[in-house]
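Visitor: Sharing a structure, written as structure tokens. Questions coming.
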Amino acid sequence: MQSPAIKQALGILKKLRQMSENTDNVEHKLVEMLKIITEAMQAEAATCYVVIDGNYLEQFSSYGFSSSPYKSRLRFGEGVIGEIAQNKCSVAINNIWNYPKFSITSELNERDYHSLLGAPILQWNRTIGVLAVFHSQETEYSDVDVELLETIAMFLAEIVNSPEMSEYKKSLSKSRGISTRERLKGISLNKGYGIGTAVVHRRRQLVTNIFAEDKSKEHLRLEVANRQMNEDLDAKFANTKLGIGEHVDILDTYRMFAKDKGWYRKISDNIDGGLSAEAAVERAYEDMWNRLSGSSDIYLKEKLHDLRDVSDRLLSYLSGDNRSTSDIQDKEIIIVAQTMGPAELMDYDYDRIRGLILEDGTPTMHVAIVAKALNIPVLSKIKGIFTEIQNGQRVAVDGNDGFVYINPSEQVEKHFRKKIADREEQAKKWALLCDLPAITKDGQNIGMYINVGLPLDFEYIETTKCDGVGLYRTEIPFMASETMPNVDKQVAHYRELMRKCDRKKVIFRTLDVGSDKLLPYWSYGGEANPAIGWRSIRITLDRRTILRQQIRAFIEAAEGRELYIMFPMITDIEEFKDAKETVTLEIEKEQKHGRQIPSDIKIGLMIEVPSVLFQLDEILPHADFISIGTNDLAQFMFACDRGNPKLLGRYDVLSAPFLNAMKTIIDKARQYNVYCSVCGEMASNPIETLALIGLGYRNFSCSGSAFGRIKSMIRSVNCAEVEDYVQNLLKSSRATLRPQLIAYAYDHGIEIY
């Protein structure tokens, strides 16, 4: 059954479509269209703003206002129109004079009107314009009115994005465009150097066919496209060897979005309402965006970007435009995008990607994290580059200092080639270190382990010749499955890893979900602060059957060998004792049934909640080992969301307060003779690992991509000397000790590349 808004929109859009096909210039066409919209909405006036140069809105055409030779301009966030553009959400105001954000635009003579209904005109979830209608009398707008205007705005996106409109906008921004500048400054999201041919990443075409008469046909098209998309994604990710780290979680979470039944159901409901399959996908996303975009949770916002990418991908399969990017012939390419999702990056042959430039990008953006895992330099925040740069232009990316060179000179290109050659030579040296021990210059042995996610990461156990797995993220099989993995499935995952490691140490972290790692088959409920909410050990202690099944799987997978079990996010001694008792009960149960048990079981915990620092004397006598998750520990200690770009660089783990906390942990571990390692990001950063060695740490579990860099640093350092130096730094009141540590490394020939 069609919704009332869609029924009403059918007649309006038919008239607008006829108007769009005439030969008048785009400005005249829009005026005539606004007249149709005004009359259909029983309003007195309407206006259409378009975004110019990504920086401001210009009133391009209007109907019903007094004429003026001037065109109103607004910044994003300025007035009601600017607010709609900035928030990408519709606004309905029955009395604009009582609305705090309302500002008068004299050219439009808005004094004659009392009510306003406005909707953003969106392209790829980016505001490209705003449509608004005005009423002279106070008007209470209904949900049907809002949905109707949003549907019309969806149609107008095709007009606002037309080649004629693009030429108009380019003519306005040409004087301050980037085409006359050879070097552009941005923000580096990943270091490195790259030269290649620009490939402008164009996302899907706009939805133009909004309504459909044959619902069964649309449902079939959706079913076929969705099945093909998921099959291709499964094949793509199965054949992708990205190493180990957070990017693995990201790609699996992305795949879960693509298979989400609730999202698919919303699309089907929209088709039942009379929309085409393409429009149904777009409306499902917009509904989700309107509900969730106001959240302050940075993880939720990043997942909205992933959902945008999944929606675009499904649209490409619906349109038949899911062609491969393999037709790009250049051996070296620099991808330029307004924004993109992690799977879109995987559409390219990443062996040829030499750089990624994002006009809108943050360090926590999932595509940036995946690119970092591929050692691709990434830059962002270069306004206008997406619209101005052309396919085929020569581009050089300096990810160290944050510069992009358009059509670089021969001298600049020669300089870049030398930098790239130096990095490649360094990578070869790191590879040769695999056969050498991780021993410092003064003879200290350092334990080097890796963090593992998916089975495809297991090959790093052999290629790095590491001492073992310092952290196995057991939640990955749970996140990759559509249903809860039973004991047998878990055993298969864990046993494969144990056999791959042979007799090397493997530390299994129990299920660590919640916060930004959600399972599709669990109901969590809304949480204001999920990072400090019902997650990790709190979930598994409440749902004890899940924990007991996982421990049972660990025991069976060990096949009589030594077993290490680690509990995440322990907050106090009672939590740890409770979790540890669960292991004891399962061991007793296995013995009772005459089953094989491990030769020895070591039970430990992650130190990532600051409260544990004040209970080390109570907890350590009960622990066989500890491992520090520096990511969460720093986040909680500084009360600083590590995914919030506004806080980027404000707090540093290389500050005296945090380093003193880390020193307290290692000193206590030594006092109680408890094995201690670091498995957070600090263990994958050479300069930060150097500081940890200076504090007394001797065991690290890092990402596979960082293994060579960390070992190179270890073999070039003198432990006794750096300990003396770091000890003197701990009394500093500076916000960061990073510059001093970098200078020390350079002065003493320590490799921190």
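The values are calculated or read from the model by the stated rules, or taken from the named source; none is laboratory data. In this text the structure is predicted, and so the values were computed from the model without any measurement. In this analysis, Cβ positions are derived from the backbone assuming ideal geometry, glycine residues included, and neighbour counts consider all displayed protein chains.
Visitor: Quick check on this structure: which one of A557, A623 is crowded, with 21+ Cβ neighbours inside 10 Å and either closer than 17 Å to V487 by Cα or outside the structural domain of A639 (by TED's automatic domain parsing) (or both)?
Guide: Result: A557 is the single residue among A557, A623 that is crowded, with 21+ Cβ neighbours inside 10 Å and either closer than 17 Å to V487 by Cα or outside the structural domain of A639 (by TED's automatic domain parsing) (or both).
Visitor: State the number of residues belonging to the range 419-453 that are among the aromatic types (F, W, Y) and within 13 Å of E751 (Cβ to Cβ). So that I can check it myself, show each step before the final result.
Guide: Filtering the range 419-453 for residues among the aromatic types (F, W, Y) gives 430, 449.
Then drop every residue that is not within 13 Å of E751 (Cβ to Cβ), which leaves 430.
Residues flagged as among the aromatic types (F, W, Y) and within 13 Å of E751 (Cβ to Cβ) within the range 419-453 amount to 1.
Visitor: Another question, if that's okay. Being over 18 Å from I626 (Cα atoms), over 31 Å from the mean Cα position of the chain (by Cα) and in a loop (DSSP other than H, G, I, E, B): is that true of V722 here?
Guide: It is false that V722 is over 18 Å from I626 (Cα atoms), over 31 Å from the mean Cα position of the chain (by Cα) and in a loop (DSSP other than H, G, I, E, B).
Visitor: Quick one: which of L131, L149, L122 is part of a helix (DSSP H, G or I) and either closer than 18 Å to L74 by Cα or modelled with pLDDT of 85 or more (or both)?
Guide: Details: L131 fails: part of a helix (DSSP H, G or I); L122 fails: part of a helix (DSSP H, G or I).
Of the residues listed, the single one that is part of a helix (DSSP H, G or I) and either closer than 18 Å to L74 by Cα or modelled with pLDDT of 85 or more (or both) is L149.
Visitor: Follow-up question, since we're still on this one. Considering each residue of the range 532-579, count those that are assigned to a helix (DSSP H, G or I), closer than 25 Å to V678 by Cα and out of contact with any helix residue (DSSP H, G or I) (no Cβ under 7 Å at 6 or more places or on another chain), and give that number.
Guide: Number satisfying all stated conditions: 4.
Visitor: Among the candidates K88, K35, which residue alone is on the phi > 0 side of the Ramachandran plot and modelled with pLDDT of 85 or more?
Guide: K88
Visitor: So, one more: Name the helices (runs of 4 or more DSSP H) wholly inside the range 218-304 in which the number of residues that are at pLDDT 60 or above, outside the structural domain of S705 (by TED's automatic domain parsing) and closer than 27 Å to A368 by Cβ is 2 or more.
Guide: Per the criteria, 246-258, 277-292.
Visitor: Also, quick follow-up: Which numbered condition trips up V717, out of (1) surrounded by 24 or more Cβ atoms within 10 Å (Cβ to Cβ); (2) out of contact with any Phe, Trp or Tyr (no Cβ under 7 Å at 6 or more places or on another chain); (3) part of a helix (DSSP H, G or I)?
Guide: (3)
Visitor: What is the one condition in (1) under 32 Å from the mean Cα position of the chain (by Cα); (2) crowded, with 16+ Cβ neighbours inside 10 Å; (3) not in a helix (DSSP H, G or I) that I603 does not satisfy?
Guide: Result: I603 passes all but (1).
Visitor: State which residue is surrounded by the fewest Cβ atoms within 10 Å (Cβ to Cβ) when the search covers only the range 329-370 and only residues that are in contact with a Leu (Cβ under 6 Å, 6 or more places away or on another chain), at pLDDT 80 or above and under 24 Å from D232 (Cα atoms).
Guide: A337
Visitor: Continuing with this model, one more query. Show me the helices (runs of 4 or more DSSP H) found entirely inside the range 332-442 where at least 3 residues are closer than 30 Å to E721 by Cβ and without any contact (Cβ under 8 Å) to a residue 12 or more places away in the chain.
Guide: 410-432
Visitor: Would you say S136 is at pLDDT 85 or above, surrounded by 15 or more Cβ atoms within 10 Å (Cβ to Cβ) and among the polar types (S, T, N, Q)?
Guide: No, not satisfied.
Visitor: Ok, one more. Check S115, S62, S106 and return the single one that is farther than 30 Å from R308 by Cα, among the hydroxyl-bearing types (S, T, Y) and modelled with pLDDT under 85.
Guide: S106
Visitor: Moving on to the next point. With the structure loaded, tell me whether V678 is in the same structural domain as G470 (by TED's automatic domain parsing), surrounded by 18 or more Cβ atoms within 10 Å (Cβ to Cβ), more than 31 Å from the chain's Cα centre (by Cα) and under 15 Å from I628 (Cα atoms) or whether it fails that test.
Guide: In short, no.
Visitor: Please specify each residue of the range 419-431 satisfying the condition of being surrounded by 11 or more Cβ atoms within 10 Å (Cβ to Cβ) and out of contact with any Lys or Arg (no Cβ under 8 Å at 6 or more places or on another chain). Reasoning before the result, please.
Guide: Of the residues in the range 419-431, the ones surrounded by 11 or more Cβ atoms within 10 Å (Cβ to Cβ) are 419-423, 426-427, 429-431.
The answer is K419, I420, A421, D422, R423, Q426, A427, K429, A431.
Visitor: Any chance the range 432-449 includes a residue that's farther than 18 Å from A198 by Cα, of a type in the set (V, I, T) and crowded, with 21+ Cβ neighbours inside 10 Å?
Guide: Within the range 432-449 (the criterion being farther than 18 Å from A198 by Cα, of a type in the set (V, I, T) and crowded, with 21+ Cβ neighbours inside 10 Å), the answer is yes, since at least one residue qualifies.
Visitor: Now, a different point. Restricting to the range 726-741, count the residues that are assigned to a helix (DSSP H, G or I) and either surrounded by fewer than 18 Cβ atoms within 10 Å (Cβ to Cβ) or under 34 Å from the mean Cα position of the chain (by Cα) (or both).
Guide: Going through the range 726-741 one residue at a time, the tally reaches 6.
Visitor: Only one of (1) aromatic (F, W, Y); (2) closer than 25 Å to M606 by Cα; (3) in contact (Cβ under 8 Å) with a residue 24 or more places away in the chain fails for Y753. Which number is that?
Guide: Y753 satisfies every listed condition except (2).
Visitor: Residue by residue through the range 45-56, note down the ones that are modelled with pLDDT of 65 or more and either farther than 26 Å from T139 by Cα or surrounded by fewer than 19 Cβ atoms within 10 Å (Cβ to Cβ) (or both). Break it down into steps so the answer makes sense when it comes.
Guide: Residues of the range 45-56 modelled with pLDDT of 65 or more: 45-52, 56.
Matches in the range 45-56: V51, I52, Y56.
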